[in-house]
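See structure below.
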Amino acid sequence: MSNQEQTLSIIKPDAVERNLVDEIKKIFTSNNLKIKESKKIQISKEEAAEFYKVHQSKPFYEHLCSYLSSGPIVAMILEGENAILQNRKLMGATDPKKAEENTIRSLYGISIDKNSVHGSDSNENAKKEINFFFKN
Ligand code: CMP
């Protein structure tokens, strides 16, 4: 049965800075994910804090928000069959050192913070995160 979904992807400052946007987009589009929307923006630390609110109790929260707001990012809506899981598979584990071979984070991630991409982890969060960046 077909399960068309949308998910939110962010190319983080470390990857934008190293001009990896086109290479990362190519990984999505050559693996059955369409890029429905894409925009390059820089968000404030307050906006990053809102976006990563689910992590507010974590010791790395403050640093995470500073980092996401430290430079331009590319926010995208990806669409396709099981898009949420497919995107997570293509990204690999959060820590690039533990990410499976040929995943985006294993290819391009520098550290657990500078791990090049973010992707929604559930249907509920995908809707929230898409709305965060692409509400009209
Ligand atoms: P992301 O998928 O964007 O979701 C939250 C981010 O927190 C995660 O990727 C990591 O970049 C970052 N992070 C920093 N430290 C940790 C940690 N110890 N465990 C998990 N995520 C961390």
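For this structure, a couple of remarks:
- Any hit, region 63-81, residues being exposed (fewer than 15 other Cβ atoms within 10 Å of the Cβ) and near the ligand (Cβ under 10 Å from one of its atoms): yes
- Members of region 92-125 that are over 17 Å from ILE27 (Cα atoms) and among the β-branched types (Val, Ile, Thr): THR94, ILE110, ILE112
- Summed over region 24-33, residues that are of a type outside the set (Ser, Thr, Tyr) and either loosely packed, with under 14 Cβ neighbours inside 10 Å or under 20 Å from LYS135 (Cβ atoms) (or both) total 2.
- Answer residue from region 82-120, given it is of a type in the set (A, V, I, L, M, F, W, C), over 24 Å from SER44 (Cβ atoms) and over 13 Å from the mean Cα position of the chain (by Cα) and is surrounded by the most Cβ atoms within 10 Å (Cβ to Cβ) among those: ALA99
- The residue pairs whose first member lies in region 22-47 and is touching a residue at least 60 places away in the same chain (Cβ under 8 Å) and closer than 18 Å to ARG88 by Cα, whose second member is among the polar types (S, T, N, Q) and assigned to a helix (DSSP H, G or I), and whose beta carbons are closer than 9 Å, counting only pairs six or more residues apart or on different chains, are PHE28/GLN86; PHE28/ASN87.
- Of everything listed in (1) out of contact with any Phe, Trp or Tyr (no Cβ under 9 Å at 6 or more places or on another chain); (2) surrounded by 15 or more Cβ atoms within 10 Å (Cβ to Cβ), the single unmet condition for GLU129 is (1).
- Residues of region 83-112 that are farther than 28 Å from ASN3 by Cα and outside any helix (DSSP H, G or I): ASP95, PRO96, LYS97, LYS98, GLY109, ILE110, SER111, ILE112.
- Residues located in region 37-61, provided they are within 27 Å of ASN82 (Cα to Cα), more than 15 Å from the ligand (Cβ to nearest atom) and surrounded by fewer than 14 Cβ atoms within 10 Å (Cβ to Cβ): LYS39, LYS40, ILE41
Every number in this text was worked out from the coordinates using simple rules, so none of it is lab data. No experiment lies behind these values; they were computed from the predicted model shown. All Cβ positions, even for glycine, are placed from backbone atoms using ideal geometry, and neighbour counts span all protein chains on display.
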